[in-house]
1. Cα centroids of the stretch 333-396 and the stretch 159-202: how far apart, whole angstrom?
2. With the Cα gyration tensor of the stretch 1-40 giving a ≥ b ≥ c as the square roots of its eigenvalues, does the rule (a/c under 1.5 for rounded; else a/b larger than b/c for prolate; else oblate) give rounded, prolate or oblate?
3. Taking a cut-off of 17 Å between Cα atoms, list the aspartates and glutamates near Lys200, but don't count ones fewer than 8 places away on the same chain.
4. For Lys27, which aspartates and glutamates qualify as cross-link partners when the Cα separation must be under 19 Å and same-chain residues fewer than eight apart are set aside?
5. Just to check I understand the Karplus step: with θ = phi - 60° and J = 6.51 cos²θ - 1.76 cosθ + 1.60, what whole-Hz values come out for the stretch 61-72, glycine and proline as x?
6. Once the principal axes of the Cα atoms of the stretch 274-395 are found, what is the range along each, listed largest first in whole angstroms?
7. If you bin every alpha carbon distance in the stretch 12-190 into 5 Å steps from zero, what whole percent lands in each bin?
8. Amide H to amide H under 5 Å from Asn361: which residues, 5+ apart in sequence or cross-chain, H placed 1.01 Å off N in plane?
Amino acid sequence: TNPGFVVRITQAGLDYAHQQGIMILEKELAQLKLPDISGDSRVGRVGKVRYELSRLRLPNFHLPYSRITPISNVGLQVSISNAFAEMDGDWRVKFLFVRDHGSFDLKAENVYIKISLRLGSDASGKPTVSTSDCSTHISKVRVLFSGKLGWFYNLFRGIIGSKVQKILEKKVCDIVDKSVHNELQTYVQTLPVTARIDAKTGIDYSLVAPPRATAQSLDVNLKGEFYSLAHRSTVPFSPLPLAFPSDHDRMVYFGASSYFFNTAGIAYHEAGALVFEITEDMIPKEAGFRLDTSVFSAFIPQLEEMYPNMPVKFRLSTPTAPFLTIGPGGISLKPIVDAQAYAILPNSSLAPLFLLSLVRNVSAVIDVRSGRLVGSLDVGRIRLSLKDSAVGTFEV
């Protein structure tokens, strides 16, 4: 299905937006829980040493350099480099007849994380996100033991560091996958795909296709359909193809097709919102006339005879929803308006006089200058015709 509204987020837009996501990931990684580590190691002439690391804490996990880039046919890739983590805990060692314990500090430096996020959509038009790939590499792990024989235990800290490195590399991707599934996916599933515009209409902006990633941008196709809150009916026409511009200089681009505007016209027409009344109190004083039956005496003489000097009210309505066309030359609109005239009787009741049909050609050219939306409007001549009359025929 073609979209009625499209959004393009470029690399510049992703650079601006990713900061919030990285802050959330940094917070999740700082809460990473690691299992106790134990094992045996042979150290020089001492022989086999039994060690155990427990109560591991990860108080700091910093992601100073990161970037989100679109990946064609997949979604988004999160690349993190030069990250570092700090860990502490307790250690216990046994070798020969010696037993000792203490605390230790660990620093993981030059941590590289690469995460691929697959973007999609479900049957209701809501976005979906999942982890399609994750890899973690830690270049350097430094472990420092404290205690009576801390200098000795530092002799086999390389073995300990290697084990902690492997656990960390696996755990980081585990926490990323869990965070994407439990946090990010849960959040996007709560996003509404419809919104109430006012008391009469709403808009449906559900996805009509999964978000499309290219090497330069992330393109999102939305339904962009207005509907009446009282009764949602099927739109009698389909959206036309809508193409994105070729440039990628801005952070975000928006595009709207005629379908977007024309469904708004249908929604407001069905909701009865396209009805306007013109009464005498709306006529500017400088106009120099009153809106009553005497105004029409020159071309409807019988009107003043039937309703002498009585105030007149016009009710304007659209017999059909207005239809707008967008083309290279601008926007064109051919609105049809029915104007029903009433005489307001002394008892405030309304006497129908005549019904006119007004057809007008309207065109507009819209542009952006210095960050402002500007345009020019060309209003053509009005063509009038008499559809009904309770005061006899007359020349329109």
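The values are calculated or read from the model by the stated rules, or taken from the named source; none is laboratory data. Nothing here was measured: the structure is a model prediction, and the numbers come from that model. All Cβ positions, even for glycine, are placed from backbone atoms using ideal geometry, and neighbour counts span all protein chains on display. Side chains included, ligands, DNA and RNA excluded: accessible areas come from the protein's heavy atoms. Shrake-Rupley method; radii C 1.70, N 1.55, O 1.52, S 1.80 Å.
1. Result: 54 Å between the Cα centres.
2. Values: a/c = 4.55, a/b = 2.89, b/c = 1.57.
The shape class here is prolate.
3. Result set, ordered by chain and number: Glu225, Glu270.
4. Those aspartates and glutamates meeting the cut-off are Glu86, Asp88, Glu109, Glu169, Asp174, Asp177, Glu183.
5. Calculated HN-Hα couplings, in order: 9, 9, 10, x, 10, 8, 7, 10, 10, x, 10, 3 Hz.
6. 56, 30, 25
7. Pairs per bin, as whole percents: 1, 7, 15, 18, 15, 11, 9, 7, 6, 4, 3, 1, 0, 0.
8. Under 5 Å from the amide H of Asn361: Gly380, Arg381.
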